[in-house]
1. Given the structure, is Gly211 crowded, with 21+ Cβ neighbours inside 10 Å, farther than 25 Å from Asp129 by Cα, in the same structural domain as Ser135 (by TED's automatic domain parsing) and within 14 Å of the ligand (Cβ to nearest atom)?
2. Return the pairs, sorted by first residue and then second, in which the second residue is in a strand (DSSP E or B), the first residue lies in the range 130-147 and is more than 14 Å from the ligand (Cβ to nearest atom), the beta carbons are less than 6 Å apart, and the residues are 6+ apart or on different chains.
3. Given the conditions (1) within 20 Å of Leu113 (Cα to Cα); (2) within 16 Å of the ligand (Cβ to nearest atom); (3) over 18 Å from the mean Cα position of the chain (by Cα); (4) surrounded by fewer than 24 Cβ atoms within 10 Å (Cβ to Cβ), which single one is not true for Ile294?
4. Checking Met354 against (1) surrounded by 23 or more Cβ atoms within 10 Å (Cβ to Cβ); (2) under 21 Å from the mean Cα position of the chain (by Cα): exactly one of these is not met. Which one?
5. Leu231 - would you say it is touching a Pro at 6+ places or on another chain (Cβ under 9 Å), within 16 Å of the ligand (Cβ to nearest atom), part of a strand (DSSP E or B) and not assigned by TED's automatic domain parsing to the domain that holds Pro348?
6. Quick check: is even one residue across the range 212-222 part of a strand (DSSP E or B) and modelled with pLDDT of 95 or more?
7. If you scan the range 241-277, which residues turn out to be part of a strand (DSSP E or B) and closer than 19 Å to Leu308 by Cα?
8. State all residues of the range 198-226 that are of a type in the set (S, T, N, Q) and touching an Asp or Glu at 6+ places or on another chain (Cβ under 8 Å); if no residue qualifies, say none.
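The values are calculated or read from the model by the stated rules, or taken from the named source; none is laboratory data. Predicted model only: the values in this text are computed from it and were never measured. Reconstructed Cβ throughout: ideal geometry from the backbone, glycine too, with neighbour counts over all protein chains shown.
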Amino acid sequence: LANPPAVKNRDLAVGSARLQEVQKAVHYYVDNHHCDVIGRVFHGIPGREASVSLSPTRREAASRGRREVLHFGSYNYSGLNGHPRVMAAAEAALKRYGTTVSGVRLLNGTCELHLELERALAEFLGFEDCITYSSGYAANLSVLSALCGEGDVVLSDMLNHQSIIDGLKLSGADVRTFRHKSLRSIESALKKLPREQRKFIITDGVFSMDGDVADLPGIVALAEEHNAFVLVDDAHATAAMGPNGRGTPAHFALQHGVDVLTGSLSKGLPGIGGFAAGSKATVDLLRFGSNGYIFSASLPPPVAAGLLEGIRILQEQPELQQRLHHNENVLRAGIRAMGLDCMNSESPIIPVLMPAYEKTFELTRLLHEEGIYVNPVGYPAVSKNRTRLRINVSANLTPADLDRFLDTLERCSRKLGLQGLDLARTGT
Ligand code: PMP
């Protein structure tokens, strides 16, 4: 920036030669109403009404062999997967459009459902506009490689998700990791950079392995002070945190302080895909400058329809999120009462720290035998001395399910002599 503005610069294209080129394409397409036109391309299946029956899934259970087990390892946080309204919307779209639109978004691959979904997501999350990708992984890769580039500095939390790490490698930016959630570490890095330097702070909203939440108020304040952009990956917070599940920025009422919010459509929301939300100018840049959008097929219409219905249900039924948070609080309190360590979890992701890899797998096996499914997590997903069980809570779980889980964990962990170990102090 030749003349750094007094207030934080919100135009992501400024200071990047590549993004300024992209902006020319944005103007061409927008001025020629191309986006409106592609939204109206016909995508029905001419002459065919498909007759399809979907096999229902038992929402709170995963089958293992012929036995059903209670599921404490699914990303179905809001419990919307398998919801009758979601299934009906997906089935209707399947009959109308088939399983795919057979194309990429900028050519023939956009149907009304994609546009409707992006509008609904933007409104739900509290941002001006939104773009969708074929996965959350693709969203981070695409957004980071498009918006960050050579000459930029990116400050990234050391526990950020692999898709952020990979996206930043693709970007060619100068990446500096900061200590997990440490505002001090961010501030000291920012203080070394000139104000006119293009710089970004990037963090997960909810950390996928530890289940703790980013200090967004602190990060936004530092970003404002030091003229940095803020990018948040809300994969585990969308439909799992904040009012009605609107995510971490909404939880802190800080949407205005977040330049780009990315996330997944396959966790709290009942589909597959990813998104990036931001200002209209930023999302336009991504539509014409991010490779995962330009060069990859669009979301299957039945998935888009199911997601749209899921968002409607979340808006109508705040009790879904209330139940989710009630369930996670009951589980955390119960696990901690056994003397087990849930680290700093404050979301539907509850880690239970284990002393060793072998014990983690032994406990997982015992729980499976008793009809409880949980995921064991070890290196490389977490560091070698932080092996754990990773529990994912769902709004679907009933009080009886929670009781059964806690009873079973109590018995199994006692059998293995795990209760009351002070893992932090023993340094394991
Ligand atoms: N970000 C985070 C924090 C994640 O945990 C994940 C998936 N586990 C992703 C991004 C990628 O999302 P998706 O599975 O939709 O590709």
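1. So Gly211 passes the test.
2. Short answer, once both residue conditions are applied: Cys130/Phe275; Cys130/Ala277; Ile131/Ala276.
3. Checking Ile294 against (1) within 20 Å of Leu113 (Cα to Cα); (2) within 16 Å of the ligand (Cβ to nearest atom); (3) over 18 Å from the mean Cα position of the chain (by Cα); (4) surrounded by fewer than 24 Cβ atoms within 10 Å (Cβ to Cβ), the one that fails is (2).
4. Only one criterion is unmet by Met354, namely (2).
5. No; evaluated as a whole, the condition is false for this residue.
6. Looking through the range 212-222, at least one residue is part of a strand (DSSP E or B) and modelled with pLDDT of 95 or more.
7. Leu261, Thr262, Gly263, Ser264, Gly274, Phe275, Ala276, Ala277
8. Scanning the range 198-226 gives a single hit, Thr203.
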